[in-house]
There are 2 protein chains.
Amino acid sequence: MTLKDTLLQIGQAARDASHAVARASTGAKNTALLATASAIRAQRDELLAANAADLAAAKADGLDAAMMDRLTLSEQGIEAMAQGLEQVAALPDPVGEITELRRRPSGIQVGKMRVPLGVVGIIYEARPNVTAEAAALCLKSGNAAILRGGKEAIRSNQAIAVCVKKGLAAAGLPETAIQVIETTDRAAVGYLITMPEFVDVIVPRGGKGLIERISQEARVPVIKHLDGNCHVYVDSAADPEKALAIVENSKTQRLGTCNTAESLLIARPMAASLLPKIAAMLTARGIEIRGCDETRALVREAKPANEEDYATEYLAAIISCKVVADVEEAIAHINKYSSAHTEAIVTENYTTALRFLREVDSASVMVNASTRFADGFEYGLGAEIGISTDKFHARGPVGLEGLTSQKWIVLGNGEVRG
Amino acid sequence: MTLKDTLLQIGQAARDASHAVARASTGAKNTALLATASAIRAQRDELLAANAADLAAAKADGLDAAMMDRLTLSEQGIEAMAQGLEQVAALPDPVGEITELRRRPSGIQVGKMRVPLGVVGIIYEARPNVTAEAAALCLKSGNAAILRGGKEAIRSNQAIAVCVKKGLAAAGLPETAIQVIETTDRAAVGYLITMPEFVDVIVPRGGKGLIERISQEARVPVIKHLDGNCHVYVDSAADPEKALAIVENSKTQRLGTCNTAESLLIARPMAASLLPKIAAMLTARGIEIRGCDETRALVREAKPANEEDYATEYLAAIISCKVVADVEEAIAHINKYSSAHTEAIVTENYTTALRFLREVDSASVMVNASTRFADGFEYGLGAEIGISTDKFHARGPVGLEGLTSQKWIVLGNGEVRG
């Protein structure tokens with residue numbers, strides 16, 4: 001069988017299984033999730049052995065330390081996977097929710113019912129824990145899933161897939177509801193993203209390059225997460241204490257996350273008094289400041305920033321900084337340079353806050369809060385399949401709801417159209 | 001300037017204007033809509049003259065009667081356009097609506113704010129009234145729009161564009177918020193659908209061929225409306241009177257609309273008593289019946305149906321018919337052959353009704369109501385930019401809300417992440 005035929009067969013099996021998953025009861029889905037968690041705990045030794053084989057092969061291939069770290073499944077990591085499955089089981093089931101049911105003048109009642117998307121394809125790096133997490137979120141939201149993890153994790157992923165199959169079987173659900181692609185041939189991704197008859201949406205999780213390539217080539221919708229060039233704007237009406245705390249937390253709590261602030265804007269009337277203090281705090285925490293001329297006049301240690309700096313997601317101990325006239329210039333700068341992920345304003349002025357909330361065109365817009373809050377768990381979604389920087393369908397952190405759609409339902413009593 | 005440069009210029013102008021439209025007040029948008037309506041009434045003679053020139057050219061080109069009909073702007077049609085604009089002005093503004101604002105354990109409040117998509121591209125046939133309607137819906141939902149109508153309507157569309165510009169100017173909004181592409185070169189569509197930097201979504205309105213081609217080639221999301229192969233399933237627990245009325249209305253009220261029923265399924269226990277009556281009603285209304293063997297045993301005039309009949313949107317005085325065992329077989333048949341537009345069940349059985357509602361995977365699913373109700377106006381959307389047969393983003397009739405997105409907002413008081 002050719003690789004293309006293999007993928008088509010996987011796709012057809014997923015489509016067939018998707019109907020059973022879509023109509024599965026909440027109880028059956030939760031049974032599958034809890035049984036998978038039990039299987040993961042019971043098969044701990046098999047999982048560790050499979051992962052050890054992956055790690056040995058990766059080491060021989062000279063994988064870097066960060067990738068080795070993500071590839072590693074520890075005993076703790078296995079327990080965390082099992083607990084993650086139990087947490088998803090505990091979340092409310094989004095499927096079947098009926099909203100906005102209203103009576104129309106014709107007599108019919110019209111509303112919306114939340115339903116699964118169908119088949120979700122997930123493409124991710126060599127991180128075995130994502131296999132369990134993605135399987136759980138797709139299943140709970142009533143979708144079949146096709147999972148394609150990084151090839152270095154293939155043995156670990158297959159061992160996890162065995163546990164997921166046990167879970168599905170325990171609930172009487174088809175084992176093909178969650179399929180892990182077994183081939184490590186890269187061409188499989190190309191087929192997976194171009195079968196609209198079998199796959200309803202693709203969620204790529206990984207670097208910007210991977211996501212851009214998939215978006216370019218996909219023939220199905222993609223929930224994409226590109227970069228997070230997040231801004232904090234300190235307004236002229238900012239509370240200085242809040243500004244210091246929010247800039248510190250947004251930039252320095254974690255350097256490598258997508259919701260980390262990469263750029264600081266500060267209103268001119270506030271700059272002389274506050275920017276040196278913020279700069280001292282950042283410098284003390286090892287952050288390099290790259291600023292405009294006005295920044296550099298106030299902050300001796302600041303290096304010059306160029307156009308590219310303002311557009312860069314550093315994911316490193318660097319922040320760009322610009323003095324702006326007011327909220328209007330701040331919004332214009334953000335809407336020009338930002339990657340539309342997350343931006344925060346620090347202000348005590350009601351009208352300025354509302355304007356920032358309305359006019360900044362990003363997935364998350366915050367007043368007086370750290371950009372680090374842009375996260376599915378912090379937002380109360382319970383779990384997160386990714387963060388979307390798109391406007392279409394799902395925006396920002398995507399939880400179970402982002403893996404569903406709403407259809408219209410009509411409840412009549414024999415009505416016909418006049 | 002090359003055609004591509006022209007389109008890029010139009011795109012850039014739309015993107016620039018989109019920010020002003022996005023932050024425009026409800027009052028300003030309504031002023032623009034009402035002023036456009038006034039201009040359309042005031043320029044009636046100019047519109048009629050432009051349309052007469054289009055009609056003369058179309059006649060010389062040998063356009064068929066149906067296309068000539070859609071191209072024609074009568075005095076009544078002009079008044080209807082003006083009233084349509086007034087109706088959109090009267091609709092609630094979806095932009096800025098804040099929902100689900102909840103306090104999180106961290107102290108922040110997290111919710112969603114409804115915002116425009118940005119720039120909407122609409123591609124449609126030679127129907128001048130769509131120009132006014134699409135402009136109104138995009139403007140009210142806070143989007144800039146690029147409109148590309150069928151080339152036969154170019155003079156009429158330009159005359160309407162003059163009125164829209166007057167309306168925008170009266171409200172102090174940029175005239176480039178709504179642009180009508182002036183070139184009739186077909187290649188313009190190819191550029192319009194491949195500029196993701198300037199266009200956020202494409203809404204094609206027209207035949208299936210046009211929509212399939214656009215979906216294939218687009219590099220931006222497409223709200224697509226393919227065919228409407230709609231089903232009515234008469235269950236064994238159906239009320240015969242309701243069944244007769246619903247089949248009659250679903251099939252015969254209008255033959256050429258996408259929500260017209262094209263296929264009748266009937267449960268075996270009901271077929272012997274009811275199918276002959278339904279068939280007699282349909283035959284009396286000039287509808288040809290193409291059925292399975294069991295249908296033909298009960299209905300002398302029925303012709304044989306083949307696989308293709310069950311998958312066909314006739315848009316004509318023909319209906320396919322199949323006797324099925326029960327609701328399970330009906331659902332399986334529908335999910336196999338339907339175009340996922342609209343399906344109805346006729347039943348008095350509660351459990352059967354709920355099962356049909358849950359398991360039929362179409363944009364609109366109805367109990368005891370005519371499929372003809374699948375329509376933005378009947379659903380209470382006030383207006384409709386199209387009907388989506390997709391699951392992603394908007395599904396079924398798409399009103400103002402379908403032209404918006406939701407971003408997350410966070411209201412804090414200096415919170416940082418621990």
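The values are calculated or read from the model by the stated rules, or taken from the named source; none is laboratory data. This structure is a prediction, so every number in the text was calculated from the model and none was measured. As a convention, Cβ positions derive from the backbone with ideal geometry for all residues, glycine included, and neighbour counts pool all protein chains shown. SASA here: full protein model, heavy atoms, side chains in, ligands and nucleic acids out. Shrake-Rupley method; radii C 1.70, N 1.55, O 1.52, S 1.80 Å.
Going by the conditions given, is A:ILE318 β-branched (Val, Ile, Thr), at pLDDT 95 or above and closer than 19 Å to A:ALA279 by Cβ?
Yes, satisfied.
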Within the stretch B:98-121, restricting to residues that are touching a helix residue (DSSP H, G or I) at 6+ places or on another chain (Cβ under 9 Å) and not hydrophobic (A, V, I, L, M, F, W, C), the one that is nearest to B:LEU63 (Cα to Cα) is B:GLY121
Exactly one of (1) out of contact with any strand residue (DSSP E or B) (no Cβ under 8 Å at 6 or more places or on another chain); (2) touching a residue at least 40 places away in the same chain (Cβ under 8 Å) is unmet by B:TRP408. Its number?
(1)
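Of the residues B:ALA22, B:ALA32, which is in contact with a strand residue (DSSP E or B) (Cβ under 6 Å, 6 or more places away or on another chain) and part of a helix (DSSP H, G or I)? Step through it out loud before you land on a result.
On the way: B:ALA32 fails: in contact with a strand residue (DSSP E or B) (Cβ under 6 Å, 6 or more places away or on another chain).
Just one listed residue meets the conditions, B:ALA22.
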Looking for whichever is under 26 Å from A:GLY172 (Cβ atoms), open to solvent by 70 Å² or more (accessible area, probe 1.4 Å) and of a type in the set (A, V, I, L, M, F, W, C) here; the options are A:ALA24, A:ALA42. Which one fits?
A:ALA42
Name the residues in the stretch A:27-39 that are open to solvent by 60 Å² or more (accessible area, probe 1.4 Å) and among the polar types (S, T, N, Q), would you?
A:THR31, A:SER38
Looking at this structure, is A:GLY382 open to solvent by 10 Å² or more (accessible area, probe 1.4 Å), more than 10 Å from chain B (Cβ to nearest Cβ) and either at pLDDT below 95 or outside any helix (DSSP H, G or I) (or both)?
yes
In the stretch B:266-319, the residues that are without any contact (Cβ under 8 Å) to a residue 24 or more places away in the chain and open to solvent by 70 Å² or more (accessible area, probe 1.4 Å):
B:ALA284, B:ASP293, B:ARG296, B:ALA297, B:ARG300, B:GLU301, B:LYS303, B:PRO304, B:ASN306, B:GLU307, B:GLU308
The listed residue being of a type outside the set (Lys, Arg), open to solvent by less than 10 Å² (accessible area, probe 1.4 Å) and at the interface with chain B (Cβ under 7 Å from one of its Cβ atoms), out of A:SER388, A:SER405:
A:SER405
Check B:PHE373 against each of (1) at the interface with chain A (Cβ under 7 Å from one of its Cβ atoms); (2) free of Cβ contacts under 8 Å to residues at least 60 places away in the same chain and name the one condition it does not meet.
(2)
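Quick check: anything in the stretch A:391-400 more than 10 Å from chain B (Cβ to nearest Cβ), assigned to a helix (DSSP H, G or I) and touching a helix residue (DSSP H, G or I) at 6+ places or on another chain (Cβ under 9 Å)?
Checking the stretch A:391-400: at least one residue is more than 10 Å from chain B (Cβ to nearest Cβ), assigned to a helix (DSSP H, G or I) and touching a helix residue (DSSP H, G or I) at 6+ places or on another chain (Cβ under 9 Å).
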Counting residues that are closer than 30 Å to B:GLN12 by Cβ, which strands (runs of 3 or more DSSP E) fully inside the stretch A:219-336 reach at least 3?
A:230-234, A:261-267, A:318-324
Could you list, in sequence order, all residues of the stretch A:63-96 that are loosely packed, with under 14 Cβ neighbours inside 10 Å and either at pLDDT below 95 or outside the structural domain of A:ASN143 (by TED's automatic domain parsing) (or both)?
A:ASP64, A:ALA65, A:ALA66, A:ASP69
Test: A:THR342 is closer than 30 Å to A:PRO276 by Cα, in contact (Cβ under 8 Å) with a residue 60 or more places away in the chain, within 10 Å of chain B (Cβ to nearest Cβ) and not aliphatic (A, V, I, L, M)
yes
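Would you check if B:ILE40 is touching a Cys at 6+ places or on another chain (Cβ under 8 Å), part of a helix (DSSP H, G or I) and either closer than 24 Å to B:ILE146 by Cβ or assigned by TED's automatic domain parsing to the domain that holds B:LEU147 (or both)?
The answer is yes for B:ILE40.
For the stretch A:84-160, which strands (runs of 3 or more DSSP E) that fit wholly inside it have 3 or more residues that are within 14 Å of another protein chain (Cβ to nearest Cβ)?
Fully inside the stretch A:84-160 and qualifying: A:98-103, A:109-116, A:119-124.
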Note on B:ARG358: of the conditions (1) assigned to a loop (DSSP other than H, G, I, E, B); (2) within 8 Å of chain A (Cβ to nearest Cβ), unmet is (1)
Return the residues of the stretch A:151-168 that are without any contact (Cβ under 8 Å) to a residue 60 or more places away in the chain and either surrounded by fewer than 23 Cβ atoms within 10 Å (Cβ to Cβ) or basic (Lys, Arg) (or both); say none if nothing qualifies.
A:LYS151, A:ALA161, A:LYS165
If I filter the stretch B:180-212 down to residues being within 14 Å of chain A (Cβ to nearest Cβ) and either in a loop (DSSP other than H, G, I, E, B) or of a type outside the set (Val, Ile, Thr) (or both), which single residue comes out as least open to solvent (accessible area, probe 1.4 Å)?
B:VAL199
Return the residue satisfying two criteria in turn: it lies in the stretch A:322-347 and is open to solvent by 10 Å² or more (accessible area, probe 1.4 Å) and among the polar types (S, T, N, Q), and of such residues it is nearest to A:PRO397 (Cα to Cα).
A:SER339
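Residues are listed down the side, and each one gets a yes or a no for (1) surrounded by fewer than 19 Cβ atoms within 10 Å (Cβ to Cβ); (2) under 30 Å from B:MET67 (Cβ atoms); (3) of a type in the set (D, E, K, R); (4) more than 17 Å from the chain's Cα centre (by Cα):
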site: B:ILE98; (1), (2), (3), (4): yes, no, no, yes
site: B:VAL110; (1), (2), (3), (4): no, no, no, yes
site: B:LEU137; (1), (2), (3), (4): no, yes, no, no
site: B:SER141; (1), (2), (3), (4): no, yes, no, no
site: B:ILE146; (1), (2), (3), (4): no, yes, no, yes
Of all the residues that make up the stretch A:342-381, how many are under 23 Å from the mean Cα position of the chain (by Cα), more than 14 Å from B:ARG417 (Cα to Cα) and among the hydroxyl-bearing types (Ser, Thr, Tyr)?
3
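Yes or no: A:TYR350 open to solvent by 20 Å² or more (accessible area, probe 1.4 Å) and either more than 30 Å from B:GLN253 (Cβ to Cβ) or among the polar types (S, T, N, Q) (or both)? Lay out the reasoning, then the answer.
Numbers: open to solvent by 20 Å² or more (accessible area, probe 1.4 Å): yes; either more than 30 Å from B:GLN253 (Cβ to Cβ) or among the polar types (S, T, N, Q) (or both): yes.
Yes: the conditions hold for A:TYR350.
Has the stretch B:298-310 got at least one residue that is within 14 Å of chain A (Cβ to nearest Cβ) and either modelled with pLDDT of 95 or more or more than 30 Å from the chain's Cα centre (by Cα) (or both)?
no
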What pairs can you find where one residue is in the stretch B:217-242 and more than 12 Å from chain A (Cβ to nearest Cβ), the other is of a type in the set (D, E, K, R) and crowded, with 19+ Cβ neighbours inside 10 Å, and their Cβ atoms are less than 8 Å apart, with a gap of 6+ or different chains?
B:HIS225/B:ARG205; B:GLY228/B:GLU262; B:ASN229/B:GLU262; B:CYS230/B:GLU262; B:CYS230/B:GLU343; B:HIS231/B:GLU262; B:HIS231/B:GLU343; B:TYR233/B:GLU343
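When you look at B:TYR124, is it among the aromatic types (Phe, Trp, Tyr), more than 16 Å from B:LEU85 (Cα to Cα), open to solvent by 30 Å² or more (accessible area, probe 1.4 Å) and in contact with a helix residue (DSSP H, G or I) (Cβ under 8 Å, 6 or more places away or on another chain), yes or no? Reasoning before the result, please.
Values: among the aromatic types (Phe, Trp, Tyr): yes; more than 16 Å from B:LEU85 (Cα to Cα): yes; open to solvent by 30 Å² or more (accessible area, probe 1.4 Å): no; in contact with a helix residue (DSSP H, G or I) (Cβ under 8 Å, 6 or more places away or on another chain): yes.
No; evaluated as a whole, the condition is false for this residue.
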